[in-house]
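**Q** Could you have a look at this structure, given as structure tokens, before my questions?
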Amino acid sequence: MTVATDPVSGTSAKRPAHFTLADDEIAAKFPNRLRGFDLYRKMGSPKHIVAPMVDQSELAWRMLSRNYGADLCYTPMFHAKMFGDENPKYRDEQWQTNETDKPVIVQFCANDPDALLAAAKLVVGQADAVDLNLGCPQHIARRGHYGSYLMEDWELVSRLIRKLHENLDIPVTAKIRVFPELDKTVAYAKMVEAAGAQIITVHGRLREQKGHKTGLADWAKIKAVKDAVSVPVFANGNILYFEDIQRCIDATNVDGVMSAETNLYNPALFSGKVVPTWQMAEEYLEICNNVSTKSAFIRAHLFKLFRYSLPVHVDLRQRLAEARDMDEYWQFARDIKCRLKADADAESTPFDPDAVLTDEFGYRKYPHWICQPALRFEHDKEHSKSKRLLNEAQVDATETGNTSPTDQQHDLKEGNEDTGNSGAKRQKTVVDNCIA
Ligand SMILES: Cc1cc2nc3c(=O)[nH]c(=O)nc-3n(C[C@H](O)[C@H](O)[C@H](O)COP(=O)(O)O)c2cc1C
């Protein structure tokens with residue numbers, strides 16, 4: 001009998017009852033299905049990963065992100081029960097892919113292993129893997145008992161993953177949040193791995209770190225998970241600039257870095273390129289000309305891309321709010337481009353992407369018409385100064401072997417209780433979305 005990790009304690013124990021097949025039996029059942037690092041390598045060893053984002057990591061956005069260095073994209077989270085329903089309306093509306101959309105991982109939320117399997121089977125042949133969302137902290141997830149609200153129900157988490165691992169033709173992966181306790185976080189990740197997850201994404205924030213309490217992701221916990229499991233690990237949280245990606249890899253030793261919000265505000269993040277917002281909007285709309293995309297998704301993307309320009313050109317904000325079809329989005333894009341080019345021309349010294357100044361907190365001072373991460377309030381910047389320094393310190397500490405999780409936890413606590421809106425995630429304009 002195979003000895004596995006107990007789904008409740010995370011310690012070695014006899015195989016749990018819901019592990020109906022042993023590892024060798026699973027390997028024999030799916031001889032061609034890739035595991036762990038083989039899956040990772042088959043996907044091209046992705047380092048730059050677009051996060052699952054409800055209503056925002058849709059096909060057109062994934063295509064745009066891939067044009068700017070994204071190596072792997074996750075779909076938005078789909079509700080497994082609705083997706084697998086006999087009525088295909090939800091599925092057809094939510095799930096689109098094409099031959100350029102590779103590699104792609106389809107994410108589901110679920111609390112019923114059979115419903116999860118039924119939904120997952122529908123994407124076999126179109127996706128590289130299926131991901132289980134174990135991070136969504138929103139009220140809707142509490143009511144529906146999924147996402148991060150499964151963090152108390154390790155057996156259910158294990159049953160969900162195991163169901164796919166024992167029955168699905170493609171691999172299963174999982175995206176988790178962290179617990180306050182490092183040991184518990186590691187035990188949880190090991191349980192997820194033992195159940196069959198072939199890649200684990202660790203969003204280094206607690207379930208409580210959402211909305212105005214988002215704060216800083218804890219890279220030390222991500223590193224601890226990476227050290228403890230044998231499957232590839234993706235880190236998620238605290239990425240504002242291209243350079244943060246390598247800092248994160250250095251600090252955590254992860255196999256890839258996932259970004260959500262910064263990707264939305266600056267889809268060129270993974271390329272390191274500095275791109276005018278009007279150009280990015282045109283490229284996105286060009287894709288939407290050919291790939292039918294829900295109007296609400298397009299509008300939401302344009303609002304984010306032009307986040308810093310709409311307060312300058314307030315009349316255009318209203319126009320965008322009222323836009324409903326491609327003609328209106330294009331007209332808006334043309335008009336704002338004229339205004340922003342005029343703004344750029346009016347600057348006394350032409351913008352030089354290689355000579356961008358930073359403010360006293362270390363944030364880059366881009367003109368409003370350049371794609372850039374969103375920082376919400378001035379006071380957040382002030383509060384998060386320590387966070388950027390902290391992450392920098394983490395890299396040094398890792399190099400010298402002196403990482404101090406205690407300091408970081410203190411900082412996190414401060415972030416939650418003071419301004420309540422700090423860390424590298426001040427840009428929370430999407431609190432109504434599923435910020436898993
Ligand atoms: C608009 C939006 C939608 C999101 N939807 C999902 C989702 O569908 N599934 C999921 O696992 N996480 C979702 N998240 C959370 C992100 O995947 C990510 O874990 C989180 O934002 C932290 O990463 P960041 O610091 O790069 O933003 C969403 C985040 C945003 C901003």
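Each reported figure results from applying straightforward, stated rules to the coordinates on display, with no laboratory input. Bear in mind the structure is a predicted one, so any value in this text is a computation, not a measurement. For neighbour counting, all protein chains shown are included, and Cβ atoms are generated from backbone atoms with ideal geometry for every residue, glycine included.
**Q** Assuming R0 = 45 Å, can you tell me the calculated FRET efficiency for the pair GLN318 and LYS29, based on Cβ-Cβ distance, to the nearest 0.05?
**A** Working from the Cβ atoms, E equals 0.20.
**Q** If you wrap a convex hull around the C-alpha atoms of the range 3-271 and split its volume per residue, what is the figure in Å³?
**A** It comes to 117 Å³ per residue, whole-number rounded.
**Q** Each residue of the range 46-61 in turn: what ³J(HN,Hα) in whole Hz from Karplus with 6.51, -1.76, 1.60 and θ = phi - 60°, glycine and Pro shown as x?
**A** Computed from phi, the couplings for the range 46-61 are x, 9, 10, 10, 7, 6, x, 9, 3, 6, 9, 9, 6, 3, 4, 5 Hz.
**Q** At q = 0.11, 0.12 Å⁻¹, work out log10 I(q)/I(0) for the range 242-379 with the Debye formula, treating every Cα as an identical point scatterer and leaving solvent out; two decimals please.
**A** Each listed q maps to, in turn, -0.45, -0.53.
**Q** Residues in the range 49-91 near a label at ASN290, defined as backbone nitrogen under 20 Å from the 7 Å Cα→Cβ point?
**A** 57-73
**Q** By counting other Cβ atoms within 10 Å of each Cβ, how are ASP345, ASP227, ASP153, ASP131 ranked from fewest to most?
**A** Listing ASP345, ASP227, ASP153, ASP131 from fewest to most nearby Cβ atoms yields ASP345, ASP227, ASP153, ASP131.
**Q** From the Cα gyration tensor of the range 16-116, with a ≥ b ≥ c the square roots of its eigenvalues, which class applies: rounded if a/c is under 1.5, or else prolate if a/b is larger than b/c, or else oblate?
**A** Oblate, because a/c is 1.5 or more while a/b does not exceed b/c.
**Q** Measure up LYS102/LYS184; LYS163/LYS190; LYS89/LYS273; LYS294/LYS365; LYS81/LYS213 against 28 Å on the Cα-Cα distance and list the ones that go over.
**A** Beyond 28 Å between Cα atoms: LYS102/LYS184; LYS89/LYS273; LYS294/LYS365; LYS81/LYS213.
**Q** While we're on this one: Distance between Cα centroids, the range 55-90 to the range 220-239: provide it in whole Å.
**A** About 24 Å separates the Cα centre of the range 55-90 from the one of the range 220-239.
**Q** State the extension gain, in nm to one decimal, for the chain segment bounded by GLU282 and ILE249, taking 0.36 nm per residue of separation less the distance between their alpha-carbons.
**A** Length gained, GLU282 through ILE249: 8.7 nm.
**Q** Additional query: Run the dipole for the range 277-355 about the Cα centre, Lys and Arg Cβ at +1, Asp and Glu Cβ at -1, nothing else charged, and hand back the magnitude in debye, nearest 20.
**A** 400 debye
**Q** What do you get for chymotrypsin sites (Phe, Trp or Tyr not before Pro) in the range 306-337 restricted to DSSP loop and a cutoff of at most 16 other Cβ within 10 Å of the site's Cβ?
**A** Loop-located and lightly packed - none at all.
**Q** Once amide H atoms are built 1.01 Å from N in the peptide plane, which residues 5 or more positions from PHE78, or in another chain, come under 5 Å H to H?
**A** Those lying under 5 Å, H to H, from PHE78 are GLN107, PHE108, CYS109.
**Q** Name the residue farthest towards the positive end of the dipole of the range 277-355 from the options HIS313, ALA342, GLN279, assuming +1 on Cβ of Lys and Arg, -1 on Cβ of Asp and Glu, about the Cα centre.
**A** So the residue we want is HIS313.
**Q** How much length would be gained if the chain were fully extended between ASP38 and HIS139, taking 0.36 nm per residue of separation minus their Cα-Cα distance, in nm to one decimal?
**A** So the extension gain works out to 32.7 nm.
**Q** Turning to a different aspect of this structure: Taking only the alpha-carbon atoms of the range 285-355, what semi-axes of the equivalent ellipsoid follow from 5 times the gyration tensor eigenvalues under a square root, in whole Å, largest first?
**A** Taking √(5λ) for each eigenvalue gives 25, 14, 11 Å, largest first.
**Q** I would also like to ask the following. Report the calculated FRET efficiency for MET326 and LYS121 (r = Cβ-Cβ distance, R0 = 22 Å), to the nearest 0.05.
**A** Once rounded, the FRET efficiency stands at 0.05.
**Q** Which of ILE287, ILE140 has the fewest other C-beta atoms within 10 Å, and how do the rest follow up to the most?
**A** The most exposed by this proxy come first: ILE140, ILE287.
**Q** Hey, can you grab everything whose amide H is under 5 Å from the amide H of GLN96? Only 5+ residues off in sequence or another chain; H modelled, so Pro and N-termini drop out.
**A** LEU59
**Q** Here is a further query. Can you tell me the length gained on complete extension of the stretch LYS184 to PHE351, counting 0.36 nm per residue apart and subtracting the Cα distance?
**A** Residue separation times 0.36 nm, minus the Cα-Cα distance, leaves 55.3 nm.
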